[in-house]
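Here is the structure we will look at, set down as structure tokens.
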Amino acid sequence: MIKQFEIKLPAYPKGFHLITQMVTDRLSELPDSGLVHILLKHTSAGITLNENADPSVRTDFESFMNKLIPENDPAYTHIFEGADDMPAHLKSSLIGQTLMIPVTNGRLNLGTWQGIYLCEFRNHGGSRRLVVTIYS
Amino acid sequence: MIKQFEIKLPAYPKGFHLITQMVTDRLSELPDSGLVHILLKHTSAGITLNENADPSVRTDFESFMNKLIPENDPAYTHIFEGADDMPAHLKSSLIGQTLMIPVTNGRLNLGTWQGIYLCEFRNHGGSRRLVVTIYS
Amino acid sequence: MIKQFEIKLPAYPKGFHLITQMVTDRLSELPDSGLVHILLKHTSAGITLNENADPSVRTDFESFMNKLIPENDPAYTHIFEGADDMPAHLKSSLIGQTLMIPVTNGRLNLGTWQGIYLCEFRNHGGSRRLVVTIYS
């Protein structure tokens, strides 16, 4: 059995944001056992699992990724949409745009410390959309 | 229901290549709703989603990844298959070798700007193979 | 049909470790055709596919990742759990924590050179747990 729907996220500022609660609130009728797939429908943002407790982890992700993939690299040729554009595309493929999470006993079976991050790589990315597919 | 088959891609030069059309041409009978999984069966190439319109994005991916993961690092010990070999393995795990894409109304439900990239990290990688699994 | 279970891995030292055999030993009754999903339930380790033959590849992964994401960066603010902690979180999201592998003719359909790596990013990460979900 397949259930599929979209989630329209609120606009986030550039940075790493915990959206686990926002996603699970939309997964009201999970099967006993299955998988939940999430696709972020964008190429300048990312989605990943990481530490869900200490906000300093998300702050450090933001500063590290900015240093790893800097703006205004003179080698970039795709520059007409702003200094944050090409770095956002690069970060998006390194972090990834899809997640698959097991469902066990009707709940997302994540590790204790695992939360879902929305990684906003643009300064004004606006609202982002997810496609959620539930398999059971 | 499961459908599974292989796609043998043509040999590509080192770089990032849009293969969305080539893949969708092989997905002629998609279910109404489901998921398509793609595995690239190689460890020196990658597969990812990114911007499908402007070729300059793919050019910048190639130059950025070469700078991030340079050839001839004196720390490499796996060097007998050429200067492009170990960087290709590293890039392959950072970009990834699998994709899972939702199917909605009989079509891949990607974002407007999302295309499938074959990322060829070897100078002479030859033909690459994908395993496609369709779930409905 | 869904089958789901956990694998408790032995504690590994910091580094990249081939666990293909250990995982396949637990997949005794694979379907003819399907998919196997693996989630690593941790945020300071990773799981990926890469070269399964030459151990020098795994050595080079370890030294490269340590150089790409160094310890003791003065920009880190999440530092109370040790110098290897924040780098481990960063590596975890760049390498990833989930894998999906096709099953064909009752076996994992990986490329000839593809093996499953457990990437241990902590000095004393202890035993790591995987959730395996088999779809057919």
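The values are calculated or read from the model by the stated rules, or taken from the named source; none is laboratory data. Everything numeric in this text was worked out from a predicted model, so none of it was measured. Virtual Cβ from ideal backbone geometry, glycine too; neighbours counted across all protein chains shown. Surface accessibility is based on the protein's heavy atoms, side chains included, excluding ligands, DNA and RNA. Shrake-Rupley method; radii C 1.70, N 1.55, O 1.52, S 1.80 Å.
Taking the 0 to 90 degree range and rounding to the nearest ten, how far is the long axis of helix C:85-95 tilted relative to the main principal axis of chain C, both from C-alpha atoms?
Rounded to the nearest ten degrees, it is 40.
Can you give the accessible area per residue of region A:26-136, in Å², using a 1.4 Å probe? Display every interim value, and only then the final one.
Working: 3700 Å² over 111 residues.
Heavy-atom accessible area per residue stands at 33 Å².
In region C:1-109, carbon and sulfur make up what percent of the accessible area (probe 1.4 Å)?
53 percent
So what is the relative contact order for chain B, in percent, with contacts set as C-alpha pairs under 8 Å and at least six apart?
Averaging sequence separation for qualifying contacts and normalising by length gives 55 percent for chain B.
Quick one: check the C-alpha center-to-center distance for region A:68-130 versus region C:116-136, whole angstrom.
So the separation of the two Cα centres works out to 23 Å.
What does the helix-only formula give at 222 nm for the protein assembly as shown: each DSSP H stretch with n ≥ 4 adding -39500 (n - 2.57), the total divided by the residues, and the result rounded to the nearest 500 deg cm²/dmol?
-6500 deg cm²/dmol
What nm distances, shortest first, do you get from the label point of C:ASN123 to those in the other copies when the point sits 7 angstrom along Cα to Cβ?
Label-point distances to the other copies, shortest first: 4.1, 4.1 nm.
Classify the protein assembly as shown as rounded, prolate or oblate from the Cα gyration tensor: take a ≥ b ≥ c as the square roots of its eigenvalues, call it rounded if a/c is under 1.5, otherwise prolate when a/b beats b/c and oblate if not.
rounded
Please give the helix A:55-68 orientation as an angle from the longest Cα principal axis of chain A, in degrees from 0 to 90, rounded to the nearest 10.
Around 40 degrees separate the two axes.
Inter-copy label distances at C:GLN21, 7 Å along the Cα→beta-carbon direction, one decimal in nm, shortest first?
4.7, 4.7
Suppose every Lys and Arg Cβ carries +1 and every Asp and Glu Cβ carries -1, with no other charges. What dipole size does region B:26-77 come out with about its Cα centre, to the nearest 20 debye?
Its charge dipole is roughly 180 debye.
As a test of reading the structure, rank B:ARG26, A:ARG129, C:ARG128, B:ARG58 by solvent-accessible area (1.4 Å probe, protein chains only), most first.
Final ranking, largest accessible area leading: B:ARG26, A:ARG129, B:ARG58, C:ARG128.
List the distances, in nm and shortest first, from the label point of A:PRO70 to the matching label points in every other copy, placing each point 7 Å from Cα along the Cα-to-Cβ direction.
1.4, 1.4
Give me the residues in region B:1-15 whose solvent-accessible area, probe 1.4 Å, is reduced by at least 10 Å² once all protein chains are included instead of the chain isolated.
Residues of region B:1-15 that lose at least 10 Å² of accessible area once the other chains are added: B:ILE2, B:GLN4.
With solvent modelled as a 1.4 Å probe, how much accessible area in total do chains C and A shield from it at their shared surface, in Å² to the nearest 100?
2500 Å²
Report, in debye and to the nearest 20, how large the dipole of region A:14-136 comes out about its Cα centre when Lys and Arg carry +1 and Asp and Glu carry -1 on their Cβ. Display every interim value, and only then the final one.
Working: 10 positive and 13 negative charges, 48 e Å.
Dipole size: approximately 240 debye.
Under 1.5 on a/c is rounded, so check that first for chain C, then, if it is not, pick prolate when a/b is larger than b/c and oblate when it is not; a ≥ b ≥ c are the square roots of the alpha carbon gyration tensor eigenvalues.
Taking the square roots of the gyration eigenvalues as a ≥ b ≥ c, chain C is prolate.
Quick one: putting +1 on the C-beta of Lys and Arg, -1 on the C-beta of Asp and Glu, what dipole do you get for the protein assembly as shown around its Cα centre, in Debye to the nearest 20?
Dipole about the Cα centre, nearest 20: 920 debye.
Using a 1.4 Å probe on the protein heavy atoms only, what accessible surface does B:LYS3 show? Give it in Å² to the nearest 10.
Estimated to the nearest 10 Å², B:LYS3 gives 80 Å².
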